[in-house]
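> Sending over a structure as structure tokens; questions will come in a sec.
The values are calculated or read from the model by the stated rules, or taken from the named source; none is laboratory data. Please read these numbers as outputs of a predicted model, since none were measured by experiment. FYI the Cβ positions are ideal-geometry reconstructions off the backbone, even for glycines, and counts take in every protein chain you see. All accessible areas refer to the heavy atoms of the entire protein, side chains included, with ligands and DNA or RNA removed. Shrake-Rupley method; radii C 1.70, N 1.55, O 1.52, S 1.80 Å.
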Amino acid sequence: MSSDRIIQVERDILGKNDRLAADNRARFRADDVLAFNLVSSPGAGKTSLLVRAVSELKGSFAIGVIEGDQQTSNDAERIRATGVPAIQVNTGKGCHLDAAMVADAYDRLPWLNGGLLFIENVGNLVCPAAFDLGEACKIVVFSTTEGEDKPLKYPDMFAASSLMLINKIDLAPVLDFDLAKTIEYARRVNPNIEVLTVSARTGEGFAAFYAWIRKRAVAMKPATMTAAE
Amino acid sequence: MHEMALCEGIIGIVEEEARKRGFAKVNVVCLEIGALSHVAPEAMKFCFEAVAARTVAQGAKLEIVETPGVAWCMACSKSVEIKQRYEPCPSCGGYQLQVTGGEEMRVRELEVD
């Protein structure tokens, strides 16, 4: 055993992904593109929410969508039916999108100069929390049909997200859904998380979501452009 | 099972170090994993063996040093130790906590031939 030697490494396991994510972030910045990474458990309504949002925002912004799923191109087809370009990424056995997949997909989208990029991650409240894609922020979609304590059960995702969209709010009255408790639990994990309630089915709450997006879009514009507007 | 992807990241780092520093066999891979990071150490050990097969780290032992979760409590104006993200401040019971440590996922050192 005397031939053994110790080598100090001190390198982040996700270092490679983080470097690629930083490259993506620089590209989005150069293109003046505001990128959101949408995460949730399967069935929370990410795609329905996006279909409504891109339909109603496509008059104001250039929009592109990257859809992540293990299999099928169903979600990208639902987005494309609105006239908005969408690239489907199939992760196969993989449980999350990574920065390299997003870089490839972004290459295949039309130029979104000054627009919005929505990245719909694989439906999974665990793994996507660890992988930076280069987004401006993560948006976690939570639905009223899930338990109020989900933020406590999957704290990493709620800690990593800037906004929690509580979807299917139209169903709340028949579900005994406790909105205050959900928000309390989410803020235990992330005191700074913003919260909006929406219904992708009825459109309730989307005006506030668009206002939130517009505020972010204005904040990222270079000062000179904002002044000229 | 993102532990699989993380293990691929570890092997990528080990192989790069092997090329750079000229070693052909790794006996121990030592990781530093924070208590608030995205890793279940048991799942990591399970995946590592599979991913390390036919690489310089084949058969290597995976050692995991767990570092504690640390947060800044805004109410107390001091650093406190927490085991989970949803835990209250052990001093005041509040939730105004900003995590400052324990999110590390790092390859710390290698024992090589």
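> Could you list all residues from segment A:1-38 that are assigned to a strand (DSSP E or B) and away from chain B (no Cβ under 13 Å)?
Correct list: A:Leu34, A:Ala35, A:Phe36, A:Asn37, A:Leu38.
> Which members of segment A:124-139 meet the condition of being within 14 Å of another protein chain (Cβ to nearest Cβ) and farther than 19 Å from A:Leu152 by Cβ?
Matches in segment A:124-139: A:Phe131, A:Asp132, A:Leu133.
> State yes or no: is A:Ile166 within 29 Å of A:Ala22 (Cβ to Cβ), open to solvent by less than 10 Å² (accessible area, probe 1.4 Å) and either in a helix (DSSP H, G or I) or among the aliphatic types (A, V, I, L, M) (or both)?
No, not satisfied.
> Return the residues of segment A:110-125 that are of a type outside the set (Asp, Glu) and crowded, with 18+ Cβ neighbours inside 10 Å; say none if nothing qualifies.
Within segment A:110-125, A:Leu112, A:Gly115, A:Leu116, A:Leu117, A:Phe118, A:Ile119, A:Asn121, A:Val122, A:Gly123, A:Asn124, A:Leu125 qualify.
> If you go through segment A:43-69, how many residues are buried (at least 19 other Cβ atoms within 10 Å of the Cβ), more than 19 Å from A:Ser143 (Cβ to Cβ) and among the basic types (Lys, Arg)?
Adding up the residues that qualify gives 0.
> Condition test on A:Ile213, is it crowded, with 16+ Cβ neighbours inside 10 Å, touching a strand residue (DSSP E or B) at 6+ places or on another chain (Cβ under 6 Å) and either outside any loop (DSSP other than H, G, I, E, B) or of a type in the set (A, V, I, L, M, F, W, C) (or both)?
Numbers: crowded, with 16+ Cβ neighbours inside 10 Å: yes; touching a strand residue (DSSP E or B) at 6+ places or on another chain (Cβ under 6 Å): no; either outside any loop (DSSP other than H, G, I, E, B) or of a type in the set (A, V, I, L, M, F, W, C) (or both): yes.
No; evaluated as a whole, the condition is false for this residue.
> Quick check on my filter: what residues within segment B:14-36 are open to solvent by 10 Å² or more (accessible area, probe 1.4 Å), touching a helix residue (DSSP H, G or I) at 6+ places or on another chain (Cβ under 9 Å) and at the interface with chain A (Cβ under 9 Å from one of its Cβ atoms)?
The one that is open to solvent by 10 Å² or more (accessible area, probe 1.4 Å), touching a helix residue (DSSP H, G or I) at 6+ places or on another chain (Cβ under 9 Å) and at the interface with chain A (Cβ under 9 Å from one of its Cβ atoms): B:Phe23.
> Looking only at segment A:82-105, which residues are under 17 Å from A:Asp31 (Cβ atoms) and among the small types (Gly, Ala, Ser)?
A:Ala99, A:Ala103, A:Ala105
> Considering each of B:Ala43, B:Ala71, B:Ala75, B:Ala57 in turn, give the residue that is touching a helix residue (DSSP H, G or I) at 6+ places or on another chain (Cβ under 8 Å) and at pLDDT 95 or above.
When all the criteria are applied, what remains is B:Ala57.
> Pick from segment A:138-148 the residues that are open to solvent by less than 10 Å² (accessible area, probe 1.4 Å) and touching a Phe, Trp or Tyr at 6+ places or on another chain (Cβ under 7 Å): which of them is farthest from B:Leu6 (Cα to Cα)?
A:Thr144
> Moving on. Only one of these is of a type in the set (A, V, I, L, M), within 25 Å of A:Ser55 (Cα to Cα) and in contact (Cβ under 8 Å) with a residue 60 or more places away in the chain: A:Leu125, A:Leu163, A:Leu112. Name it.
A:Leu112
> Still on this structure, I have one more. Does segment A:172-201 hold any residues that are polar (S, T, N, Q) and open to solvent by 70 Å² or more (accessible area, probe 1.4 Å), and which are they?
A:Asn192, the sole residue that qualifies.
> Out of all the residues in segment B:90-113, which are assigned to a loop (DSSP other than H, G, I, E, B), within 11 Å of chain A (Cβ to nearest Cβ) and surrounded by 15 or more Cβ atoms within 10 Å (Cβ to Cβ)?
B:Tyr95, B:Gln96, B:Glu103, B:Glu104
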